[in-house]
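Working notes, structure below.
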Amino acid sequence: MGGVRSFRIESKRFDLSKEGDGIDSVSLFEAGRITRHSVFMGKDGAQWLGKCIEENIRREDEKAFIRTFRESDKGYVIRRFINKNGRYLELSDYGKGGCKGRLAIPEGQKQEVCSSSGEASRREGDEIAVEQWTYSHDGGHRYGAMTTNLSECFNGVLKGARSLPITALVKFTFFKLVSYFDDRRAKIQDQLSSGEVYSKYAMDILLRCREKAKGHTVIRFDRIRGVFDLRTRPNLGSSHRGDHTHQINLQERTCTCGKWQMLKIPCSHVIACCTHQNISIRQYIDSCYKLTEQLASYSESFEPMKDEPYWQPIEGPTLRPDPTMLRQKGRPKSTRIRNEMDWRENQPKPRCGICQEEGHNRRTCPNVRSGSTSGTGTN
């Protein structure tokens, strides 16, 4: 399952890109103000990076922190450094020919909270089911990832509704959704008429896994419960080299690779077991990928909007714009909360090119004679 997930640490944004079917390889991008750095690693490398970040937090009082890891033909080094902006972790990617990628991960700011606030937060957290805010108890549903996907979906649909007046913004959103729903309904209806049952996204993943399953070796343990042991063939072109063993339980719909539970689509290991026993694969695809389910999502329709003279009269106070809230002339001041990671705050103020004093530039310099354009400074 390819895709990009973004998160932010202080003023830096990091993009996590999942290649292939979402598990095999990971690309981590550091998006700075000017430059963009990246590091590529496999699943084992990503897990190692997460453990190193957690260990660095536990060992924050130690002066030095350095860890190394080797994956396939690559080596990774993570070190702790400090500069005027604070402490950070530097992750380096080494391969043939030297360093291939490097990025810096700031440690962030410590949050000081009083004990009463912490106790209130703990009680509030106890009232929320752990399945809704922890990955370890969500049963593979990935609440946080789904929330991010929905937010990005809304942004993608309504990305044109920006910097518009309120009335124009509401109209744009309404007619955009009308067009979006009608277009999706028509496309899904055409797919159903052509005999398709599942979405193209699910079928593409199934096709890739079917090709991958041809090299697996299946050993049956219990046909009634659907328990199998499977071994993958060696693959020198993969970062994991293949030659792994997985256990599949068709009755419980689980595979030790975790892909089936996460994507709700049979992985290559499950497909190999079903092919070995002449079992239909499609029965193990989750119903959320059915076109009938997608059509139900767009089943509601919108009513045309009447012209303004035909609107019903509105009872209540009349709302008028506040003239004091109008945007003033000039460049608006930034309301962003700055911290020591914002290096621009520590830069010297711009100086005048004529008198070398702070607070103005050549165009507004008071030492220039009126009518002079070339500008020569006073001795």
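The values are calculated or read from the model by the stated rules, or taken from the named source; none is laboratory data. All values reported here derive from a predicted model rather than from experimental measurement. In this analysis, Cβ positions are derived from the backbone assuming ideal geometry, glycine residues included, and neighbour counts consider all displayed protein chains. Side chains included, ligands, DNA and RNA excluded: accessible areas come from the protein's heavy atoms. Shrake-Rupley method; radii C 1.70, N 1.55, O 1.52, S 1.80 Å.
Overview of results
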item: All positions within segment 271-293 that are open to solvent by less than 30 Å² (accessible area, probe 1.4 Å) and in contact (Cβ under 8 Å) with a residue 60 or more places away in the chain; result: ILE271, ILE281, ILE285, LEU291
item: Set GLY108, GLY98: member being over 16 Å from SER27 (Cα atoms), out of contact with any strand residue (DSSP E or B) (no Cβ under 8 Å at 6 or more places or on another chain) and modelled with pLDDT under 80; result: GLY98
item: Segment 153-172, subset touching a Lys or Arg at 6+ places or on another chain (Cβ under 9 Å) and farther than 21 Å from ARG327 by Cβ, residue least open to solvent (accessible area, probe 1.4 Å); result: VAL157
item: Members of segment 191-225 found to be polar (S, T, N, Q) and either in contact with a helix residue (DSSP H, G or I) (Cβ under 7 Å, 6 or more places away or on another chain) or assigned to a loop (DSSP other than H, G, I, E, B) (or both), listed by number; result: GLN191, SER194, SER199
item: Residue match in segment 257-270 (condition: open to solvent by 70 Å² or more (accessible area, probe 1.4 Å) and of a type outside the set (Asp, Glu)); result: no
item: Subset of segment 64-89 [of a type in the set (Gly, Ala, Ser) and open to solvent by less than 50 Å² (accessible area, probe 1.4 Å)]; result: SER72, GLY75, GLY86
item: Test: ASP61 is open to solvent by 70 Å² or more (accessible area, probe 1.4 Å), touching a strand residue (DSSP E or B) at 6+ places or on another chain (Cβ under 9 Å), at pLDDT 75 or above and among the charged types (D, E, K, R); result: no
item: Residue in segment 219-235 that is more than 18 Å from THR256 (Cα to Cα), of a type outside the set (Lys, Arg) and surrounded by 14 or more Cβ atoms within 10 Å (Cβ to Cβ) present; result: yes
item: Options ASP93, ASP44: the member that is within 26 Å of ASN235 (Cα to Cα), crowded, with 17+ Cβ neighbours inside 10 Å and touching a strand residue (DSSP E or B) at 6+ places or on another chain (Cβ under 9 Å); result: ASP93
item: Contacts under 7 angstrom Cβ, first residue in segment 42-56 being assigned by the TED database to the domain that holds ARG79, partner basic (Lys, Arg) and not in a helix (DSSP H, G or I), 6 or more apart; result: CYS52/ARG67; ASN56/ARG80
item: Selected residue (only one of GLU340, GLU345, GLU293, GLU358 is under 30 Å from GLN261 (Cα atoms), among the acidic types (Asp, Glu) and either within 28 Å of the chain's Cα centre (by Cα) or modelled with pLDDT under 85 (or both)); result: GLU293
item: Index of the failed condition, GLU30 passing every other in (1) of a type in the set (D, E, K, R); (2) open to solvent by 20 Å² or more (accessible area, probe 1.4 Å); (3) at pLDDT below 75; result: (2)
item: Hits in segment 301-326 - residues which are open to solvent by 100 Å² or more (accessible area, probe 1.4 Å), more than 16 Å from LYS171 (Cα to Cα) and among the charged types (D, E, K, R); result: GLU315, ARG320
